[in-house]
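Heads up, the thing below is written out as structure tokens.
The values are calculated or read from the model by the stated rules, or taken from the named source; none is laboratory data. Just so it is clear, the structure is predicted and the values come from calculations on it, not from any experiment. All Cβ positions, even for glycine, are placed from backbone atoms using ideal geometry, and neighbour counts span all protein chains on display.
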Amino acid sequence: MAELLSQGELDELLKSLPLGEGASSGLENQTGRGTKAYDFKSANKFSKEQIKILYNIYEIFAQLFASALSGILRTNCQAEVGSVKEQTYYEYINSLASPIALAILDIKPMGSSTLLEFSPMISSEIINRMLGGGGGGVQISRTFTEIDLALLDRTMSHITKLTDTSWSKVLKVDTILKRIETSPQFAQVISHNETVAIIAINVKIGESAKGCINVCIPHLAIEPIAKQLNTRLWYTSEKSEVDNNNYEKIKRKIVNTKVNVSAVFSETTATVRDIADLHVGDVLQLVHKVGEDVIIKIDDVSKFYGELGVIKNKFVVKVTDTIREADGEDE
């Protein structure tokens with residue numbers, strides 16, 4: 001007769017079985033999918049709509065940044081948004097190397113400070129070119145000097161003003177550069193467990209220097225303005241802003257713009273000897289016929305035909321016809 005197991009031995013045998021794996025595999029067989037662990041500490045706080053709006057805002061910022069940096073460094077610069085991702089502040093700040101150029105920005109009416117990070121390659125290229133170097137994509141391995149920080153402070157002060165323009169379609173903001181830190185440990189603007197959105201912008205300076213700048217926006221910062229971060233307001237406000245604000249402003253500027261207007265005869269040719277032998281009282285023979293229209297130019301561009309005349313002892317030109325594109329090309 002087979003030996004029976006006691007209750008204690010049965011309990012020990014059941015404890016030794018991989019019940020977790022067996023249950024999981026059984027569940028997968030029944031439902032066709034497994035379970036996934038969820039970490040409540042790193043829960044997603046940014047909605048998809050908010051992520052999209054941030055992408056659109058900093059897409060404008062990237063275009064303005066490339067244009068401004070090209071003017072500062074006198075070289076071609078390109079910038080585009082690479083990604084917008086969500087993570088904890090601890091994960092972000094722990095991934096930064098030291099030393100690094102980290103600007104702390106105060107953007108009103110946001111609820112907390114935001115960060116603007118220049119990668120070591122980008123900050124090195126900016127310092128190199130502003131000191132008269134030719135660039136070349138060489139990264140500075142030493143710590144920043146006082147001169148380096150002064151150059152970065154000047155550059156970032158100019159660039160942070162672009163934040164106001166890029167956010168203008170959503171709401172009016174006022175950005176102030178509080179300070180620049182070179183160590184991530186001294187940039188504790190929020191607690192480590194807080195959720196942040198990281199906007200990565202890929203930057204290329206010249207032909208060889210490539211890096212990125214990262215914008216770190218805590219979720220606490222956008223809580224006071226959460227209602228404005230929606231795509232409906234973004235697209236409905238775009239047309240009204242152009243129509244109401246810019247149309248009259250552009251019209252006034254165009255109407256009051258001064259241009260040079262000149263009336264010229266038909267061109268004639270002369271040799272260098274003829275010009276060198278000219279004296280006071282000499283007469284130049286023109287190919288322009290009597291009664292033939294003169295050409296009226298607007299900033300050296302031929303636009304009209306005109307007829308010469310005199311009114312109150314002053315020479316005047318009467319517009320007689322418009323120069324077509326074909327006529328202008330022939331002349």
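For the range 154-168, give me each residue that is over 17 Å from P120 (Cβ atoms) and over 14 Å from the mean Cα position of the chain (by Cα).
Across the range 154-168, the qualifying residues are R154, S157.
Just the residues that are of a type in the set (A, V, I, L, M, F, W, C) and either closer than 25 Å to T143 by Cβ or not assigned by TED's automatic domain parsing to the domain that holds G135 (or both), please, taken from the range 169-197.
L177, I180, F186, A187, V189
Restricting attention to the range 281-291, which residues are farther than 13 Å from E267 by Cα and either surrounded by 10 or more Cβ atoms within 10 Å (Cβ to Cβ) or not aliphatic (A, V, I, L, M) (or both)?
Residues satisfying the conditions are G281, D282, G291.
Being of a type outside the set (D, E, K, R), within 15 Å of S168 (Cβ to Cβ), modelled with pLDDT of 80 or more and in a helix (DSSP H, G or I): is that true of I225 here?
Here the answer is yes, as I225 does meet what is asked.
Out of the range 257-280, which residues are hydrophobic (A, V, I, L, M, F, W, C), without any contact (Cβ under 8 Å) to a residue 12 or more places away in the chain and surrounded by 10 or more Cβ atoms within 10 Å (Cβ to Cβ)?
L278
For the range 124-148, give me each residue that is closer than 14 Å to K210 by Cα, of a type in the set (V, I, T) and crowded, with 18+ Cβ neighbours inside 10 Å.
Listed by number, the list holds a single entry, I126.
Assuming K172 fulfils every condition listed in (1) out of contact with any Asp or Glu (no Cβ under 6 Å at 6 or more places or on another chain); (2) surrounded by 13 or more Cβ atoms within 10 Å (Cβ to Cβ); (3) not in a helix (DSSP H, G or I) apart from one, which condition is it?
Among (1) out of contact with any Asp or Glu (no Cβ under 6 Å at 6 or more places or on another chain); (2) surrounded by 13 or more Cβ atoms within 10 Å (Cβ to Cβ); (3) not in a helix (DSSP H, G or I), K172 violates only (2).
Filter the range 107-119 for residues that are of a type outside the set (G, A, S) and surrounded by 18 or more Cβ atoms within 10 Å (Cβ to Cβ) and give the result.
I107, M110, T114, L115, L116, E117, F118
Of the residues G137, G82, only one is assigned by TED's automatic domain parsing to the domain that holds I159, more than 17 Å from L151 (Cα to Cα) and at pLDDT below 85; which?
G137
If I filter the range 68-91 down to residues being touching a helix residue (DSSP H, G or I) at 6+ places or on another chain (Cβ under 9 Å) and hydroxyl-bearing (S, T, Y), which single residue comes out as farthest from G136 (Cα to Cα)?
T88
Could you tell me whether any residue of the range 302-315 is out of contact with any helix residue (DSSP H, G or I) (no Cβ under 6 Å at 6 or more places or on another chain), touching a residue at least 24 places away in the same chain (Cβ under 8 Å), assigned to a loop (DSSP other than H, G, I, E, B) and of a type outside the set (G, A, S)?
Within the range 302-315, not a single residue is out of contact with any helix residue (DSSP H, G or I) (no Cβ under 6 Å at 6 or more places or on another chain), touching a residue at least 24 places away in the same chain (Cβ under 8 Å), assigned to a loop (DSSP other than H, G, I, E, B) and of a type outside the set (G, A, S).
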